[in-house]
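**Q** My questions will all concern the structure given below.
The values are calculated or read from the model by the stated rules, or taken from the named source; none is laboratory data. Source: prediction; values computed, not measured. Reconstructed Cβ throughout: ideal geometry from the backbone, glycine too, with neighbour counts over all protein chains shown.
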Amino acid sequence: MSRQSLKFVLLILAMPLTAICAFAQEKGVSAPARAPVEDRSAEAFDLERLDRQLREQREEIERLRAMLMEQARLIEELRLRLEDRVAGRDKMVEPTGARLEGDRPATGRMADHIGGEAKVEGRLARVERRAGEAGEAAQKQLGSISFSGDLRLRYESFYGQVNALPNASNPSIVGNDLTSRQRFRVRARLAIRGSIGRDLAWGLRLATGSYADDISTNQTLTDFFNRKPFSLDQAFVAWTPKRVPGLRLQGGKFEAPWLHTEMTFDDDLQFEGFSQSYARDFKVGALRNLTLVAWQLPFLERNAAFILDQNGKLLADESRRAGRDLALFGGQARARFALGDKAALTVSAAEIYFMGTQFITPARFFGSDVQLPVAVKIPANGTTPAQTVTAQLTIPRDWFVSGNANLGLSMATNNAVNRDGRLASGFNLIDLIGKLELTHSRRFPVTLIFNSVINTQAHPVIVAGPNGQDVRLPNGENAGYWAEVQIGKTRERGDLQLGYTLMRIEKDAVLTPFNFSDIERQSDVRAHRFSFAYAVDQRVVLSLTGIVTQRMNGLLGAFGNTPPGSLNHPTTRLQMDTTFRF
């Protein structure tokens, strides 16, 4: 063996001892002192002591290795749980039993725990990619779909109500105090919204409420625990072409697409028909937005009529009257102006035309029946002049609810009625609104609203005069005013909102089947509404509303000649609501 080879072998044999000494020094074990050459005896180099120290170090190393393995096991267990959750979501994308590429048994994962985090991120990325691909495929078939709704529980009470019958104590006047009334009500609504492609949107909504009530979706907790109706409240399709930004064409059953207050239309009323709107935004000057809206809304389709006189001759006018459909047409222009950074003003002008309202017969529900006024004409006979006899006709409520009879009935009992039992006026409303929004305070924004309406088709009221002759009474009851202030909001937890509304609605200012249903009478009324709301949570709101109403022209109205001294107390209606939104 050459000298160089011998040096190499000695160097190899010396490396373990050098490493052991270095490790021992690192752990605080001192190396044995170099004994003088002349003292190299049994105690010069205590191999037994060195061996014991090495064993202790090996035991320490094994203990640290066990701790490291335990930590690795815990990390691996946590990673496996995360992957199981990811895999659970991934099952919606992949068939049952399928595994993502790169899956390996747990024993294999134990060996590569150092790169586990990177692998989890890779798996999450693959899951998100595949979920996105599945979502795109589903959207191509069904379009995007979202769900929302609300549940409202209400306690409601009435105080100060009176009727219009002769007074029990003094029959020369009218009006009797009624007992107070309390009731519990519930409202549930479920809305589904979706889109098809880029240009089409659709919506459905189901809601509680009586079929015979065209406004309220409240359901009174009564009728011996019977089931409550849950029916179609909205169903529409809207086309918003991307090539024409701001254009929206929709048809079906939908909420009002124009700006209004509840003086003309209750917020819960859902319209049926078609609407078109075009909106354009501006960034120059104070004008920020200009919107034009038009609508065509049929609200009563009637059977064809063929009426003959007593001689068998066709009565063309009567046939057209009996078979005429009723509809609502209108248009609105509104503009929004910026009055600085913290104020905005919206103004609107609308014309609202009800076609065929002179053919509406007011009716009133009484339990399972509907009572409506009718007029019977008795022709002249000899010396007896022609007469008109007015009476109340009772028909089953189901006739009106089903809509099969097409009778043209309405709950419009507040508008003026001619002696023949039909509405005296037509209704063509000029509706003007101003809305000022002040956002100087983020938590307490202020909104001021003023609305005035004029009915240009108010007609004289025909009543029975001496000898059965028609008497025409002038009708100046054609104006309405609405002033409202709101302070605060209910969007976030802890928000507060206060509100006050003043209403003055004359007899024929608006068509009463459609406007604010919570006031005691929907026309010929002065009313004050106070409201307070508190957001317990972003989705839970508590509110208290008080409405005080009084008839402007006495119990018998503007054309009823209420006897002096008759009762006309203000009526108070309290509503305590808890609303859950989702």
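**Q** Give me a count of the residues in segment 244-263 that are more than 20 Å from the chain's Cα centre (by Cα) and within 15 Å of Ile433 (Cβ to Cβ).
**A** Total meeting the criteria: 1.
**Q** Also: All but one of (1) modelled with pLDDT under 95; (2) surrounded by 16 or more Cβ atoms within 10 Å (Cβ to Cβ); (3) over 30 Å from Asn163 (Cα atoms) hold for Gly488; state the number of the condition that does not hold.
**A** The number of the failed condition is (1).
**Q** Could you check segment 501-582 for strands (runs of 3 or more DSSP E) lying wholly inside it with 3 or more residues that are surrounded by fewer than 19 Cβ atoms within 10 Å (Cβ to Cβ) and charged (D, E, K, R)?
**A** In segment 501-582, no matching strands (runs of 3 or more DSSP E) lie anywhere.
**Q** Another question, if that's okay. Which of the residues that make up segment 282-298 are outside any loop (DSSP other than H, G, I, E, B) and of a type in the set (Gly, Ala, Ser)?
**A** Ala294 - this is the single residue of segment 282-298 that is outside any loop (DSSP other than H, G, I, E, B) and of a type in the set (Gly, Ala, Ser).
**Q** When segment 201-233 is examined, which residues are found to be among the hydrophobic types (A, V, I, L, M, F, W, C) and free of Cβ contacts under 8 Å to residues at least 12 places away in the same chain?
**A** Across segment 201-233, the qualifying residues are Phe224, Phe225.
**Q** Using the structure shown, decide if Ala344 is free of Cβ contacts under 8 Å to residues at least 40 places away in the same chain and over 30 Å from Val525 (Cβ atoms).
**A** No, not satisfied.
**Q** Which of the residues that make up segment 229-258 are of a type outside the set (Asp, Glu), surrounded by fewer than 20 Cβ atoms within 10 Å (Cβ to Cβ) and either touching a Cys at 6+ places or on another chain (Cβ under 7 Å) or in a loop (DSSP other than H, G, I, E, B) (or both)?
**A** Within segment 229-258, Pro229, Thr240, Pro241, Lys242, Arg243, Val244, Pro245, Gly246, Ala256, Pro257 meet the criteria.
**Q** Among the residues in segment 271-287, are any under 26 Å from the mean Cα position of the chain (by Cα), buried (at least 16 other Cβ atoms within 10 Å of the Cβ) and touching a residue at least 40 places away in the same chain (Cβ under 8 Å)?
**A** Yes; the residues of segment 271-287 include at least one that is under 26 Å from the mean Cα position of the chain (by Cα), buried (at least 16 other Cβ atoms within 10 Å of the Cβ) and touching a residue at least 40 places away in the same chain (Cβ under 8 Å).
**Q** Step by step: first the residues of segment 299-315, then only those that are surrounded by fewer than 16 Cβ atoms within 10 Å (Cβ to Cβ) and part of a strand (DSSP E or B), then the one that is modelled with the lowest pLDDT. Which residue is that?
**A** In this case the residue turns out to be Leu308.
**Q** Would you say Thr545 is over 27 Å from Gln457 (Cα atoms) and β-branched (Val, Ile, Thr)?
**A** yes
**Q** Surrounded by 13 or more Cβ atoms within 10 Å (Cβ to Cβ), in contact (Cβ under 8 Å) with a residue 60 or more places away in the chain and farther than 30 Å from Gly340 by Cα, is that true of Ile449?
**A** No: the conditions fail for Ile449.
**Q** Okay, next question. Give segment 424-439 a look and list any residue that's more than 27 Å from the chain's Cα centre (by Cα) and either surrounded by fewer than 16 Cβ atoms within 10 Å (Cβ to Cβ) or of a type in the set (Gly, Ala, Ser) (or both), or say none.
**A** Within segment 424-439, Ala424, Ser425, Gly426, Ile430 meet the criteria.
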